[in-house]
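Q: Questions regarding the structure given below will be posed in turn.
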Amino acid sequence: MPLESADWLLKAPALIEATFTEAGEAADWYTGQLAWHSDTLSGTYAPVADPIEVVRRLAAREDIVGGWWLTGGRFLSLGLIACSPHRVRREYICPGP
């Protein structure tokens, strides 16, 4: 996991699971991924941001990053990195859809 969320943009493009041009699509992906893994969450967690809040934050060019422990000692890391360009690391290239 990178120290700064913007460093996910340095990941090889082939390793990026998805890119989105619309904040709503990104919010649907994020909440869908968490729902997909919900049966394997281990422990107690703060509530996940509601999709409307995810869209608002992405529209404000804020990154969304979350991590959850899963059964079997596994860890789920989900990140939505808002760019065009990134508000902190303007020199980083944003992947295309």
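The values are calculated or read from the model by the stated rules, or taken from the named source; none is laboratory data. These numbers were taken from a predicted model, which means no experiment stands behind them. Don't worry about glycine lacking a Cβ; one is built from the backbone with ideal geometry, like all the others, and counts go over all protein chains shown. What goes into the accessible areas is simple: the full protein's heavy atoms, side chains included, and nothing from ligands, DNA or RNA. Shrake-Rupley method; radii C 1.70, N 1.55, O 1.52, S 1.80 Å.
Q: Taking interchain pairs and intrachain pairs at least six residues apart, which have beta carbon atoms under 8 angstrom, with the first residue in region 49-69 and farther than 15 Å from A6 by Cα and the second open to solvent by 70 Å² or more (accessible area, probe 1.4 Å) and among the hydrophobic types (A, V, I, L, M, F, W, C)?
A: Close Cβ pairs (under 8 Å, with a partner that is open to solvent by 70 Å² or more (accessible area, probe 1.4 Å) and among the hydrophobic types (A, V, I, L, M, F, W, C)) amount to G67/M1; G67/F75; W68/F75; W69/F75.
Q: Only one residue in G43, G72, G32 is on the phi > 0 side of the Ramachandran plot and in a helix (DSSP H, G or I), so which one is that?
A: G72
Q: Moving on to the next point. Look at region 12-31 and say how many of its residues are farther than 12 Å from G79 by Cβ, without any contact (Cβ under 8 Å) to a residue 60 or more places away in the chain and surrounded by fewer than 11 Cβ atoms within 10 Å (Cβ to Cβ).
A: Looking only at that region, the number is 3.
Q: Check G66, G43, G79, G72 and return the single one that is open to solvent by less than 70 Å² (accessible area, probe 1.4 Å) and farther than 17 Å from A27 by Cα.
A: G43
Q: Conditions first: (1) open to solvent by 40 Å² or more (accessible area, probe 1.4 Å); (2) at pLDDT below 90. V55 passes all but one, so which condition is the exception?
A: (2)
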